[in-house]
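Student: This structure is in structure tokens; I'll ask about it shortly.
The values are calculated or read from the model by the stated rules, or taken from the named source; none is laboratory data. Quick caveat: nothing in here was measured; it's all calculated off a predicted structure. Methodologically, a virtual Cβ is constructed for each residue, glycine included, from the backbone with ideal geometry; neighbour enumeration extends over all protein chains shown.
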Amino acid sequence: MLRQHIIVVVAILTVIVVTLSAHATPGAGEPCPYGLVETHGIVRYIDVEGGCWQFEDDAGNHYQPISGPYYMYCDDVAGTLAGCLRPDLVSFCQVGAIVEVLEFVPDPFTVHGETRFIDVEGGCWQFLADDGTPYEPVCGPPEMYGDGVTGSLTAFELCGLGSFCMVGQLVEVVEFVADPAACGADLDGSGDVGFGDVLAIIGAWGPCPPGCPEDLDGSGGIGFGDVLAVIGQWGPCA
């Protein structure tokens, strides 16, 4: 009798183990048994069942993402999602097919602006866009981290992540392209300073309105001082 009970218990445990194995989450590198989703769309917060997340792709298909990076879970974050369909799971939300996120790549944006050093919390870096929007950059090349460096920043928002600095929206830098060095004496836009720029000075000789480009010495008029400024920058622009 005891032997029969043991056999029954072993059989039950075997069924349980096999069942759990059949519904286990696919391991890293394993194919998705129910299908792979790779699509672009937008993440939205849906106010049902206490709050649920939905990913709507560009074709109008709805998915309920699980797992994935923290920065995808913010309303209206757009990007490309790759994940495994999980029809073996259920949810109270019912906002779309459940997909286990393997990767989410947010859409980057590009803005032009200036890097600034802000003396708070021991020192923080801020990138101030030309439209006045402040960002706090994370990572990026060393050449962008200098007070007053200007250029084009390509990044994506680190939504939901805070900072002690609080000098702007946190962004992870994808690329930074610094502006070329100023070459104010290149008046003809040729990429170097030469005789064409001397001729531009001569052509504008005399008084000029405030801010005229030929007034290289800031004297308020065009004269020999501006010719000397051209000679001082002679050659290719750096």
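Student: Sort out which residues of segment 176-214 are in contact with a Pro (Cβ under 8 Å, 6 or more places away or on another chain) and of a type in the set (Asp, Glu), and write them in order of number.
Tutor: Selection gives Asp192 alone.
Student: Determine whether Ala204 is surrounded by 15 or more Cβ atoms within 10 Å (Cβ to Cβ), modelled with pLDDT of 85 or more, more than 30 Å from Gly68 (Cα to Cα) and out of contact with any Leu (no Cβ under 6 Å at 6 or more places or on another chain). Lay out the reasoning, then the answer.
Tutor: Values: surrounded by 15 or more Cβ atoms within 10 Å (Cβ to Cβ): yes; modelled with pLDDT of 85 or more: yes; more than 30 Å from Gly68 (Cα to Cα): yes; out of contact with any Leu (no Cβ under 6 Å at 6 or more places or on another chain): yes.
Yes, satisfied.
Student: Would you confirm, using the coordinates I've provided, whether Ser152 is hydroxyl-bearing (Ser, Thr, Tyr) and assigned to a loop (DSSP other than H, G, I, E, B)?
Tutor: On the way: hydroxyl-bearing (Ser, Thr, Tyr): yes; assigned to a loop (DSSP other than H, G, I, E, B): no.
The answer is no for Ser152.
Student: Cys139 is checked against (1) surrounded by 14 or more Cβ atoms within 10 Å (Cβ to Cβ); (2) under 29 Å from Phe55 (Cβ atoms); (3) out of contact with any Pro (no Cβ under 7 Å at 6 or more places or on another chain) and fails just one. What number does that condition carry?
Tutor: (1)
Student: A further question on this structure: Take the conditions under 26 Å from Gly96 (Cβ atoms), modelled with pLDDT under 50 and among the aliphatic types (A, V, I, L, M) and apply them to Ala28. Does it pass? Can you show your working first?
Tutor: Working: under 26 Å from Gly96 (Cβ atoms): yes; modelled with pLDDT under 50: yes; among the aliphatic types (A, V, I, L, M): yes.
Yes; evaluated as a whole, the condition is true for this residue.
Student: Just a yes or no: is a residue in segment 203-214 in contact (Cβ under 8 Å) with a residue 24 or more places away in the chain and not β-branched (Val, Ile, Thr)? First the steps, then the outcome.
Tutor: Initially, segment 203-214 is screened for residues in contact (Cβ under 8 Å) with a residue 24 or more places away in the chain, giving 213-214.
Still in the running and not β-branched (Val, Ile, Thr): 213-214.
Looking through segment 203-214, at least one residue is in contact (Cβ under 8 Å) with a residue 24 or more places away in the chain and not β-branched (Val, Ile, Thr).
Student: On the basis of being within 30 Å of Val43 (Cβ to Cβ), out of contact with any His (no Cβ under 9 Å at 6 or more places or on another chain), modelled with pLDDT of 90 or more and among the aromatic types (Phe, Trp, Tyr), does Phe104 make the cut?
Tutor: Answer is yes for this residue.
Student: Now for a different question. Could you identify the single residue in Gly225, Gly196 that is of a type outside the set (Val, Ile, Thr), at pLDDT 90 or above, outside any strand (DSSP E or B) and surrounded by 12 or more Cβ atoms within 10 Å (Cβ to Cβ)? Explain how you work it out, then say what you get.
Tutor: On the way: Gly225 fails: at pLDDT 90 or above.
Exactly one of Gly225, Gly196 is of a type outside the set (Val, Ile, Thr), at pLDDT 90 or above, outside any strand (DSSP E or B) and surrounded by 12 or more Cβ atoms within 10 Å (Cβ to Cβ), namely Gly196.
Student: Can I ask one more? When the residues of segment 167-191 are filtered to those that are among the small types (Gly, Ala, Ser) and farther than 30 Å from Met72 by Cα, which remaining residue is farthest from the chain's Cα centre (by Cα)?
Tutor: Of everything passing the filter in segment 167-191, Ala185 is farthest from the chain's Cα centre (by Cα).
Student: Which strands (runs of 3 or more DSSP E) sit wholly inside segment 73-127 and have at least 1 residues that are more than 17 Å from Gly168 (Cβ to Cβ) and among the β-branched types (Val, Ile, Thr)?
Tutor: Numbers: elements: 77-85, 97-106, 109-118.
Because the criterion is at least 1 residues that are more than 17 Å from Gly168 (Cβ to Cβ) and among the β-branched types (Val, Ile, Thr), the strands (runs of 3 or more DSSP E) in segment 73-127 that meet it are 77-85, 97-106.
Student: Also, I was wondering about something else. Can you pull out every residue in segment 142-156 that is surrounded by 15 or more Cβ atoms within 10 Å (Cβ to Cβ), of a type outside the set (Ser, Thr, Tyr) and closer than 17 Å to Glu172 by Cβ?
Tutor: Answer for segment 142-156, where residues must be surrounded by 15 or more Cβ atoms within 10 Å (Cβ to Cβ), of a type outside the set (Ser, Thr, Tyr) and closer than 17 Å to Glu172 by Cβ: Met144, Gly151, Leu153, Ala155, Phe156.
Student: Which residue, of Ser152, Ser219, is in the same structural domain as Thr115 (by TED's automatic domain parsing) and among the small types (Gly, Ala, Ser)? I'd like the intermediate steps shown before the answer.
Tutor: Details: Ser219 fails: in the same structural domain as Thr115 (by TED's automatic domain parsing).
Of the residues listed, the single one that is in the same structural domain as Thr115 (by TED's automatic domain parsing) and among the small types (Gly, Ala, Ser) is Ser152.
Student: Okay, next question. Answer with yes or no whether Phe164 is aromatic (Phe, Trp, Tyr), at pLDDT below 90 and either over 25 Å from Asp75 (Cβ atoms) or not assigned by TED's automatic domain parsing to the domain that holds Gly79 (or both).
Tutor: On the way: aromatic (Phe, Trp, Tyr): yes; at pLDDT below 90: yes; either over 25 Å from Asp75 (Cβ atoms) or not assigned by TED's automatic domain parsing to the domain that holds Gly79 (or both): yes.
Here the answer is yes, as Phe164 does meet what is asked.
Student: Another one. What are the residues in segment 72-94 that are at pLDDT below 95, surrounded by 18 or more Cβ atoms within 10 Å (Cβ to Cβ) and out of contact with any helix residue (DSSP H, G or I) (no Cβ under 8 Å at 6 or more places or on another chain), if any?
Tutor: The one that is at pLDDT below 95, surrounded by 18 or more Cβ atoms within 10 Å (Cβ to Cβ) and out of contact with any helix residue (DSSP H, G or I) (no Cβ under 8 Å at 6 or more places or on another chain): Met72.
Student: Given the conditions (1) surrounded by fewer than 16 Cβ atoms within 10 Å (Cβ to Cβ); (2) on the phi < 0 side of the Ramachandran plot, which single one is not true for Gly160?
Tutor: Failed condition: (2).
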